[in-house]
Amino acid sequence: MSETIRLDRWISDMTGLSRKQAGRMIRGKKVTVNGEVVRDASFMADPSACVVALDGQNLPYENFQYYVVNKPAGVLSATEDKRRTTVVDLLPPGHRRDLFPAGRLDLDTTGLILMTNDGQLSHRLLSPAWHVDKRYIATVDGILEKTAVRAFAEGITAGTDLEFAPAVLEILETDADSGTSEASVTIHEGKFHQVKKMFEAVGCPVRTLTRVTFGPLTLEGLPEGEARKLTEEEIQALRDCTQTRGKDQPDEDEM
Ligand code: URA
């Protein structure tokens with residue numbers, strides 16, 4: 001038998017309703033367990049044995065949830081904010097209430113954010129120890145030269161105390177008329193303002209920045225401002241890419 005869960009918590013976790021609202025649903029005879037109406041919010045349900053339904057819709061219990069969001073500029077990578085729209089506000093209804101962004105993007109950065117409540121996976125995806133690639137497309141002021149590609153490959157040092165691991169810079173386009181360039185950069189760290197600082201260090205400040213991949217995840221087919229649940233295959237691919245640590249890294253318990 002797996003761990004049992006109070007019925008009001010089950011409904012709350014799986015719908016985003018508060019516990020109070022969930023209790024109201026239960027007392028209002030809207031919830032069934034294995035086909036029978038249960039009106040007791042403290043009923044303990046076993047996820048491996050119970051089919052719980054709300055208004056006739058099955059509501060399987062999921063310990064962990066995973067969504068990918070395509071964040072527009074101006075949306076905050078946070079779980080709540082009094083003034084601004086957050087990435088949580090972009091999730092479709094029915095998500096767990098304890099989801100958080102696995103890594104942040106700046107307010108003006110757009111693109112891929114993973115939302116989950118799986119703390120261990122999130123830690124591994126973000127830790128440089130696991131070498132999970134994140135790819136960005138940047139437009140920058142200035143004409144990028146091959147020297148920048150070499151500097152990124154060697155590892156940028158920005159200022160005296162900031163060092164970034166080797167990264168892959170590909171120059172996609174340079175426009176002499178506007179004096180701008182477009183480039184792809186792939187990093188496996190996630191330091192504060194990292195990509196912007198790396199481009200600044202080679203004299204080309206970032207104008208726009210979009211994260212287009214995160215490990216095996218891409219933004220394909222996901223319009224800006226929208227979110228979708230990951231498929232089982234995508235979740236497995238995320239787990240797979242956190243199975244092998246970078247050779248140069250200490251054990252997790254040493255960190
Ligand atoms: N690097 C940055 O500078 N900003 C981001 O939002 C993400 C990576």
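Quick look at the numbers
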| read-out | value |
| --- | --- |
| Reachable aspartates and glutamates, given that their alpha-carbon falls under 16 Å from the alpha-carbon of K134 and they are not under 8 places away in the same chain | D106, E170, E189, E220, E234, D240 |
| Options L76, N63, A45, ranked by Cα towards positive dipole end of region 1-80, top entry (Cβ charges) | L76 |
| Loop-located GluC sites (Glu not before Pro) in region 19-86, at most 11 other Cβ atoms within 10 Å (DSSP) | E80 |
| P(r), alpha carbons of region 83-147 - 5 Å bins starting at zero, rounded % | 3, 12, 20, 19, 17, 13, 7, 5, 2, 1 |
| Value of Rg to Rh for region 47-86 (Rh from inverse mean 1/r over Cα pairs, i.e. Kirkwood) | 1.20 |
| Assigned charges on the beta-carbon of Lys, Arg, Asp, Glu; the chain dipole about Cα centre (debye) | 1260 debye |
| Under 11 Å, Cβ to Cβ, from L125 - net charge with Lys/Arg +1 and Asp/Glu -1 | +1 |
| Rounded accessible area of R207 (nearest 10 Å², 1.4 Å probe) | 140 Å² |
| Evaluated over region 104-255, the Cα radius of gyration and Dmax, each in Å | 16.2, 52 |
| Value of [θ]222 nm, deg cm²/dmol, for the chain, DSSP H segments ≥ 4, -39500 (n - 2.57) each, nearest 500 | -5500 deg cm²/dmol |
| Proximal lysines to K20, defined as alpha-carbon separation beneath 19 angstrom and excluding residues fewer than eight positions away on the same chain | K29, K30 |
| Mean-position separation - Cα centroids, region 27-52 and region 172-207, in angstrom | 54 Å |
| Residue among V51, V75, V132 with the largest mean-square fluctuation in a Gaussian network model of the chain, springs linking Cα atoms under 10 Å | V51 |
| Portion, in percent, of the accessible area of the chain that falls on carbon or sulfur, probe 1.4 Å | 48 percent |
| Residue-count net charge about C241 - beta-carbon cut-off 12 Å; Lys, Arg +1, Asp, Glu -1 | +1 |
| For region 6-140: accessible area per residue (Å², 1.4 Å) | 47 Å² |
| M25, M198, ranked by accessible area, largest first (probe 1.4 Å) | M25, M198 |
| Y67 accessible area, 1.4 Å probe, all protein chains in place, Å² to nearest 10 | 10 Å² |
| Most mobile of G190, G142, G56 in a GNM of the chain (Cα contacts under 10 Å) | G56 |
| For region 1-155, alpha-carbon Rg relative to the globular expectation (2.2 N^0.38 Å, N residues) | 1.42 |
| Hits among lysines - C-alpha to C-alpha of K146 under 21 Å, sequence gap 8 or more where chains match | K196, K197 |
| Highest to lowest packing among 118-124, 182-188, scored as the average C-beta count within 10 Å | 182-188, 118-124 |
| Test item: Cα-centred dipole of region 12-125, Lys/Arg +1 and Asp/Glu -1 on Cβ, debye | 420 debye |
| Rounded to 5, the percent of DSSP beta bridges in the chain classed as antiparallel | 95 percent |
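The values are calculated or read from the model by the stated rules, or taken from the named source; none is laboratory data. Just so you know, these numbers come straight off a predicted model, no measurement behind them. As a convention, Cβ positions derive from the backbone with ideal geometry for all residues, glycine included, and neighbour counts pool all protein chains shown. We work out accessible area using only protein heavy atoms, side chains counted, and drop any ligands, DNA or RNA first. Shrake-Rupley method; radii C 1.70, N 1.55, O 1.52, S 1.80 Å.
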